[in-house]
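Notes follow once the structure below has been shown.
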Amino acid sequence: MRKEKGLTFFVSLVYAFLFIPLFIIVVTSFGENPTIQFPIEGFSFKWYANVFENAAFADSFLLSLKIAFFATVLALLVGIPASYALARNNFMGREWLKNFFLSPTIIPGVVVGYSLFQFIVITLQLPVFQGLLLGHFLVSLPYIIRVVGGSLEQLDFSIEEAAWTLGSTKAGAFFKVILPNITSGIFASFMLAFINSFNNIPVSQFLSGPGISTLPTALMSYVEYNYDPTVSALSVMLMLATIVLMYLIEKTLGLSSIT
Amino acid sequence: MSSKSIPYLLAAPGFILLIVFLVLPLVSIIWPTFFDGNLTFASYIAFFQDSYNVSIFMRTLRISLIVTFFCALLGVPVAYYIARADKKFRSLMMALVLFPLLTNSVVRSFAWINILGQKGVVNNLLLATGIIETPMSLLYSEFAITIGSIYLFLPLMVITLVGIIENIDTEIMEAAETLGANRLTAFLKVILPLSVPGIIVGSILVFTGTLTAYTTPQLLGGNKNMMLSTFLYQNAMTLGNWTNASVIALIMIVTTLIVMRIFNLIASVIDKRGEEQHA
């Protein structure tokens, strides 16, 4: 296929636009001076050491992992049965219900965060962990409904009917026939929901408590008050984590499963 | 248990959780903005009578519109290029677009602090070459929010568009070329009109995304260049003005819905025109 030179050039520029800013972060993370500069003077790993010595980052990283994991599991537990009901049955109000399950994506994140802050923190006075968990559950659920729903819609339900005919109970057929056929959809939705919950800022920003915050909110407040290469180092570590995660997804499901 | 009730039972846990933790909290913040004993729109009228509030509202719309325009302008050629690349190269290009999308938005905003700051890359470059003598203040401006948001949402636009452009029949493209159209004409007259549904879907995502994004205006805009999202946060958490925060919340929801409606209307108008031409 003959490629247009002009188009290739344009596309290269756009990719440069996407990657040069990230490349600059990588370079600045190795600088020796206590403020960020580019190009750097000297070469040092001390800002990486700094990230590990900062207890707040370690704590918030663990909290982010926990919240993203449990919120996504909760979203799977209620989302899979709901997706199954939506895909399998033609009942009254089905379309409406599906849109309702997807509605957290339409409500702006800061609005979800603020309304939950009023309800969970001010009215119910629940602990920070529960609040964050519920907030992130709302972030995760639409991904489960969309992706698991998508794989269920492509499933031929006659295999389930065959299982019923052969004497399987409805629950038995669901666990032995339906679930094994949608595992890749479940994993893909898990990954998507997990990543989006892990990266979420607006909801977490409202629900974090004194001394308790998720990693992105901890990083955000650090950026607002400091300008040293520790931020660059932590950013590089987050980028590496993204690369590892993308590699794992590519090897198991293929990256196309999450786009 | 009748079999008719099974789907409702399966959907019930999720339904109840959404009612309790999404609908109920939303209603309980919005309700008081309309009722102080009687039905009143006073909070909303007061909001829009204050020119400072209006300037934030207009800035939010303006930035969202510009960001959407540039994401489409940059995204369409890239998506077209990716959609037609051979399989291996295509996967690589998609992975490279996906990477920034999966990287935390704080990191992606921080990248622009490094570039636009007083001691940032741009100022250093211009100072070193002698083009300017004192650093320019590029950061904490509407410009910074705009470029940061384009950077944030361009990958989303590209990925949305690739999905749609891929499905355009390559034979149509080849036919246009065979019939004498050059590449550019074929692109403008055949591919671009067929990509409109993708551009609409992408634009809805980018526009509403920019309209509601919090991290980028917070880090790149500073206090003088608030957008609705940062203004809501300031009212709720710094000023403790919960009424105003709730008013902004509803304005954001309604604006999002109106924007989606407008884009869908544009899409249906273009669709109809296409049908008339075929008829």
Taking the stated definitions as given, is B:I159 facing chain A (nearest Cβ under 8 Å) and either outside any loop (DSSP other than H, G, I, E, B) or farther than 21 Å from A:S29 by Cα (or both)?
yes
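A quick yes/no check of all residues on (1) modelled with pLDDT under 90; (2) among the small types (G, A, S); (3) farther than 18 Å from B:C71 by Cα:
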residue: B:R90; (1), (2), (3): no, no, yes
residue: B:M94; (1), (2), (3): no, no, no
residue: B:P100; (1), (2), (3): no, no, no
residue: B:F110; (1), (2), (3): no, no, yes
residue: B:L116; (1), (2), (3): no, no, yes
residue: B:K119; (1), (2), (3): yes, no, yes
residue: B:N124; (1), (2), (3): yes, no, yes
Flag if A:V236 is within 10 Å of chain B (Cβ to nearest Cβ), closer than 23 Å to A:G31 by Cα and either part of a helix (DSSP H, G or I) or modelled with pLDDT of 95 or more (or both):
yes
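Do we find that B:L10 is touching a Pro at 6+ places or on another chain (Cβ under 6 Å) and either in a helix (DSSP H, G or I) or under 30 Å from A:M92 (Cα atoms) (or both) in this structure?
yes
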Of the conditions (1) touching a helix residue (DSSP H, G or I) at 6+ places or on another chain (Cβ under 9 Å); (2) more than 8 Å from chain B (Cβ to nearest Cβ); (3) free of Cβ contacts under 8 Å to residues at least 60 places away in the same chain, A:S115 satisfies every one except a single condition; which number is it?
(2)
Filtering the range B:82-122 down to residues that are outside any helix (DSSP H, G or I) and either facing chain A (nearest Cβ under 7 Å) or within 30 Å of A:K5 (Cα to Cα) (or both) yields B:A85, B:D86, B:T103, B:N104, B:K119
From the list A:F30, A:F38, A:F69, which one is within 11 Å of chain B (Cβ to nearest Cβ), surrounded by fewer than 20 Cβ atoms within 10 Å (Cβ to Cβ) and of a type in the set (F, W, Y)?
A:F38
Select from the range B:202-226 the residues that are part of a helix (DSSP H, G or I) and among the small types (G, A, S) and write down the one among them that is farthest from B:I251 (Cα to Cα).
B:G202
Search the range A:74-101 for residues being in a helix (DSSP H, G or I) and loosely packed, with under 15 Cβ neighbours inside 10 Å, and hand back the single one that is nearest to the other protein chains (Cβ to nearest Cβ).
A:L77
Report whether or not B:I145 is in contact with a Lys or Arg (Cβ under 9 Å, 6 or more places away or on another chain), surrounded by 20 or more Cβ atoms within 10 Å (Cβ to Cβ) and under 23 Å from B:T216 (Cα atoms).
yes
If you scan the range B:20-41, which residues turn out to be more than 7 Å from every other protein chain (Cβ to nearest Cβ), in contact (Cβ under 8 Å) with a residue 12 or more places away in the chain and either surrounded by 15 or more Cβ atoms within 10 Å (Cβ to Cβ) or among the aromatic types (F, W, Y) (or both)?
B:I30, B:T33
Complete set of residues in the range A:240-256 that are touching a Phe, Trp or Tyr at 6+ places or on another chain (Cβ under 8 Å) and crowded, with 16+ Cβ neighbours inside 10 Å
A:T242, A:M246, A:L253
Selection count, the range A:239-259, where residues are more than 8 Å from chain B (Cβ to nearest Cβ) and closer than 23 Å to A:S29 by Cα:
3
Scope the range B:162-178; condition away from every other protein chain (no Cβ under 14 Å), surrounded by 13 or more Cβ atoms within 10 Å (Cβ to Cβ) and outside any helix (DSSP H, G or I); matching residues:
B:I168
Might you let me know whether the range A:145-165 holds any residue that is facing chain B (nearest Cβ under 9 Å), farther than 19 Å from B:S5 by Cα and modelled with pLDDT of 90 or more?
yes
Can you give me the number of residues within the range A:118-144 that are β-branched (V, I, T), in contact (Cβ under 8 Å) with a residue 40 or more places away in the chain and more than 19 Å from A:S60 (Cβ to Cβ)?
2
Consider B:S64 carefully, then state whether it is facing chain A (nearest Cβ under 8 Å), in a helix (DSSP H, G or I), within 30 Å of A:S140 (Cα to Cα) and among the hydroxyl-bearing types (S, T, Y).
no
Selected residue [in a helix (DSSP H, G or I) and either more than 8 Å from chain B (Cβ to nearest Cβ) or farther than 30 Å from B:A249 by Cβ (or both)] from A:V223, A:V231:
A:V231
Test A:F198 against the criterion of being in contact (Cβ under 8 Å) with a residue 40 or more places away in the chain, within 9 Å of chain B (Cβ to nearest Cβ) and over 22 Å from A:I145 (Cα atoms), and give yes or no.
no
Out of all the residues in the range A:172-191, is one or more facing chain B (nearest Cβ under 9 Å) and within 30 Å of B:P7 (Cα to Cα)?
no
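The values are calculated or read from the model by the stated rules, or taken from the named source; none is laboratory data. What you are looking at is a predicted structure, and each value in this text was computed from that prediction instead of being measured. Please note: Cβ atoms are built from the backbone with ideal geometry, for glycine as well, and neighbour counts cover all protein chains shown.
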